[in-house]
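The values are calculated or read from the model by the stated rules, or taken from the named source; none is laboratory data. Bear in mind that the values here come from a model prediction, so they are computed numbers and not experimental data. A quick note on method: Cβ atoms are made from the backbone with ideal geometry, for glycine too, and the neighbour counts reach across all protein chains shown. For accessibility, only protein heavy atoms count, side chains too; no ligands or nucleic acids. Shrake-Rupley method; radii C 1.70, N 1.55, O 1.52, S 1.80 Å.
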Amino acid sequence: MKLLLDSTRCQGYGLCQEPAPGLVDLDEWGYAQVRSADVPPGAEAGAEAAVAACPNSALRLVK
């Protein structure tokens, strides 16, 4: 599973970081940055929650 970020859709709300702290970081302005596109085993639920938390659909999961 891969977590992908469309940075053109990110508005810097930061809502995606809390459910996926090991997968998503925020830059100095609060915009999301994906650490690694590959979602490690056991982190799928956090990745799904991060995708669901994004109001602008900037994150998506691909199998």
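How much mean residue ellipticity at 222 nm does the chain get from its helices, if each DSSP H run of length 4 or more adds -39500 (n - 2.57) and you divide by all residues, to the nearest 500 deg cm²/dmol? List each step's numbers first, then the result.
On the way: 1 runs with 10 residues, N = 63.
Estimated from H runs of four or more residues: -4500 deg cm²/dmol.
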So for the pair LYS2, LEU61, with labels modelled 7 Å out along Cα→Cβ, what separation do we get in nm? 1.6
Which ³J(HN,Hα) values in Hz, rounded to whole numbers, follow from the phi angles of the range 8-19 under the Karplus curve 6.51 cos²θ - 1.76 cosθ + 1.60, where θ = phi - 60° and Gly and Pro get x? 6, 9, 6, 10, x, 6, x, 5, 7, 6, 4, x
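In the range 5-43, what chymotrypsin sites (Phe, Trp or Tyr not before Pro) fall in a loop by DSSP, with at most 11 other Cβ atoms inside 10 Å?
On the way: sites: TYR13, TRP29, TYR31; in loops: TYR13, TRP29, TYR31.
Listed in order of number, the matching sites are TRP29.
Within the set of other residues whose C-beta is less than 12 Å from the C-beta of LEU26, count the net charge using Lys and Arg as +1 and Asp and Glu as -1.
Numbers: positive: ARG35; negative: GLU18, ASP25, ASP27, GLU28.
Charge balance in the 12 Å sphere: -3.
For a test of the definition: using alpha carbon positions, the gyration tensor, and the 1.5 limit on a/c, classify the chain as rounded, prolate or oblate. The partial results should precede the final answer.
Numbers: a/c = 1.65, a/b = 1.49, b/c = 1.11.
Since a/c reaches 1.5 and a/b is larger than b/c, the shape of the chain is classed as prolate.
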What do you reckon, how do SER7, SER36 stack up by accessible area (1.4 Å probe), largest on top? SER7, SER36
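Leaving out ligands, DNA and RNA, what percent of the accessible area of the chain is carbon and sulfur, probe 1.4 Å? Provide the component values of the computation, followed by the final result.
Numbers: 1960 of 3980 Å².
Of the solvent-accessible surface of the chain, carbon and sulfur hold 49 percent.
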